[in-house]
Amino acid sequence: MAHHDGALSETIAQLLIIFLVILVALLIIGALTGVLPKMLQKSAFIAVTASSYDTGPATQVILLYHKQGDLVNLNGTSQTAGVSEIAITLTDPSGLPFPVRNATPISSTAWGPGQYLVIYETSPGTYGYSDMPPAGADIPDGDYTVQIIDTKVNVLLHTLPVTVG
């Protein structure tokens with residue numbers, strides 16, 4: 001009686017190995033050249049500081065300073081030069097988080113190193129940001145937390161505590 005294994009022949013096994021090696025090589029080349037952008041999505045890298053800033057007698061705002069890193073687009077603006085889009089959330093002294101929206105037209109095509117953003121209260125319980133805040137812009141005293149989120153890959157980039165007052 002003849003002995004018969006149910007395994008693949010040597011030729012078929014070699015063809016499968018060659019196919020798998022070529023497939024892995026193509027995936028690596030595609031990832032490195034950007035052909036597969038979904039595999040290479042990275043979050044923006046930005047170094048930001050947040051501080052309280054006096055704008056006049058008894059008026060203060062939160063000042064965000066983009067120290068270094070990537071150019072980013074600000075959510076809700078017509079900016080298009082950045083690598084990713086970010087959203088800003090502000091947790092007020094009561095502990096409630098609020099989205100911070102664009103309050104006035106932004107003058108640059110992206111937010112980048114060396115640029116400031118000012119967060120202030122546009123109406124009670126509503127906060128906005130701008131690179132050129134209106135006269136008398138103010139935010140009530142208290143402890144705030146600013147969160148910066150990369151909305152392209154949905155990653156929290158920074159959590160920055162700020163005390164106003």
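The values are calculated or read from the model by the stated rules, or taken from the named source; none is laboratory data. Quick caveat, the model's predicted, so the values are computed rather than measured. Positions of Cβ are generated from backbone atoms using ideal geometry, with glycine treated the same way; all protein chains shown enter the neighbour counts. With ligands, DNA and RNA removed, areas are computed over all heavy atoms of the protein, side chains included. Shrake-Rupley method; radii C 1.70, N 1.55, O 1.52, S 1.80 Å.
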In this structure, the FRET efficiency calculated for Thr109 and Leu32 from their beta-carbon separation, with R0 = 25 Å, to the nearest 0.05, is 0.30
Would you mind checking the tilt of helix 10-33 against the longest principal axis of the Cα atoms of the chain, expressed as 0 to 90 degrees and rounded to 10? 20 degrees
Asp138 neighbourhood, Cβ < 12 Å, K/R = +1, D/E = -1, net charge -3
Computed FRET efficiency, Cβ-Cβ of Ala25 and Thr151, R0 35 Å: what is it to the nearest 0.05? 0.55
For segment 29-165, what is the charge dipole size about the Cα centre, in debye to the nearest 20, if Lys and Arg each add +1 at the Cβ and Asp and Glu each add -1 at the Cβ? 580 debye
Of all DSSP beta bridges located in segment 77-165, what percent are antiparallel, nearest 5? 90 percent
With the other protein chains left in place, how much accessible area per residue, in square angstrom, belongs to the chain at a 1.4 angstrom probe? 61 Å²
